[in-house]
Amino acid sequence: MNIIKNKTGWVEVICGSMYSGKTEELIRRIRRADYAKQKIQVFKPAIDNRYDETNIVSHNKVQFESIPVNNVQEIRNQVNDDTEVVAIDEVQFFSDEIVNLCNDLADSGKRVIVAGLDQDYTGKPFGPMPSLLCIAEYITKNLAICVKCGNPANRTQRLIHNDKKILVGTSDMYEARCRNCHTKES
Ligand code: ADP
Ligand code: ZN
């Protein structure tokens, strides 16, 4: 009986509100793989240039080199055959095609780690996140701390008036709020 399985890939999703530590956690996992000398490629959407054009950067300034891309196809074209770990930050900004890509990469034996906002500023599921959570082998949901009352914060409050679903911004535009303190209006 063969009790040693073939090497397999899988999908890990890190989700939560803004400031919940998704990027920090993504970088922690990437760094550990890096220490183990695994071949890693990190991608982020080019529209997220808040702190840096190329690096992924957490709100407390932890960073790691990444490749900015405009769409899912650009990730597909750039993943090398010998890459062992593929990490994608701000994954909520990509189209639903990201779900097929994550499945394909995991099927080909790669560890896929993605981090993204599970809810938009109105509390609705964000882009491809529901499907990514369905196909993932491992899910981590982080909470921030509500800046109003100190309870666990599951939501992101938009602080300026703007109805666009995608509006990239930092602490002047968004804050972490619990369900009691969050309001849908921006
Ligand atoms: P995310 O990727 O989920 O937006 P980051 O990993 O970029 O989060 O940043 C997490 C860091 O943000 C925390 O370690 C902390 O230093 C900082 N931070 C700022 N505001 C808050 C908050 N309200 N609750 C928790 N952490 C916060
Ligand atoms: Zn609150």
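How much net charge surrounds His182 when only other residues with a Cβ under 13 Å from its Cβ are counted (Lys, Arg +1; Asp, Glu -1)?
Combined, the nearby Lys, Arg, Asp and Glu give +4.
Taking the Cβ of Asp163 as the center, what net charge do the other residues with Cβ under 15 Å away carry, scoring Lys and Arg +1 and Asp and Glu -1?
That works out to +3.
Let me have the relative contact order for the chain, percent, based on Cα pairs under 8 Å that are six or more residues apart.
29
Could you sort the peptides 116-122, 147-153 by per-residue average Cβ neighbour count (10 Å cutoff), highest mean leading?
116-122, 147-153
Which whole-Hz ³J(HN,Hα) couplings does the stretch 109-121 yield from phi under the Karplus relation 6.51 cos²θ - 1.76 cosθ + 1.60, θ = phi - 60°, glycine and proline marked x?
x, 8, 7, 10, 10, 10, 10, x, 5, 7, 10, 7, 5
What residues qualify as long-range amide H neighbours of Ile67, i.e. H under 5 Å apart, gap of 5 or more or another chain, H built at 1.01 Å from N?
Residues meeting the amide H criterion: Val42, Phe43, Lys44.
May I ask you to give the average projected area over all directions of the convex hull of the Cα atoms of the chain, in nm² rounded to one decimal?
Taking the Cα atoms of the chain, their convex hull projects to 11.5 nm² on average.
Cα axis of helix 22-35 to longest principal axis of the chain: angle in degrees, 0 to 90, nearest 10?
With both axes taken from Cα atoms, the answer is about 20 degrees.
Give the calculated FRET efficiency between Ile145 and Asn6 to the nearest 0.05, with a Förster radius of 35 Å applied to their Cβ-Cβ distance.
0.25
Among the listed pairs Lys110/Lys141; Lys44/Lys184; Lys22/Lys124; Lys61/Lys110; Lys124/Lys164; Lys7/Lys61, give every one whose C-alpha distance is greater than 24 Å.
The pairs that break the limit, which is 24 Å between Cα atoms, are Lys44/Lys184; Lys61/Lys110; Lys7/Lys61.
In terms of modelled amide H atoms, which long-range or inter-chain residues lie less than 5 Å from the amide H of Arg155?
Excluding prolines and chain starts, which carry no amide H, the hits are Arg177.
What's the angle, to the nearest 10 degrees (0 to 90), between helix 97-107's Cα axis and the longest principal axis of the chain?
30
Quick one: which residues, 5 or more positions from Tyr174 or on another chain, have an amide H under 5 Å from its amide H? H modelled 1.01 Å from N in the peptide plane, none for Pro or chain starts.
Residues meeting the amide H criterion: Leu159.
Which length gain, in nm to one decimal place, applies between Ile135 and Lys61 when the Cα-Cα distance is subtracted from 0.36 nm times their residue separation?
23.6 nm
Rounded to the nearest 0.05, what FRET efficiency do Asn77 and Ser171 give with R0 = 35 Å and r taken as the Cβ-Cβ distance? Could you check?
Once the sixth-power term is evaluated, E becomes 0.50.
Along Cα→Cβ, 7 Å out, is where each label goes; now give me the distance between the ones at Glu53 and Ser95 in nm to one decimal.
Distance between label points: 2.6 nm.
Can you list the GluC sites (Glu not before Pro) in the stretch 127-186 that are in a DSSP coil and have 15 or fewer other beta carbons within 10 angstrom?
Filter output for the stretch 127-186: Glu137, Glu185.
Ranked highest first by the average count of other Cβ atoms within 10 Å around their residues, in what order do 34-46, 51-63 fall?
Descending mean neighbour count gives 34-46, 51-63.
Taken together, the values in this text are just the output of simple stated rules run on the coordinates, not laboratory data. Source: prediction; values computed, not measured. Counting neighbours? That spans all protein chains shown, and the Cβs are built from the backbone with ideal geometry, glycine included.
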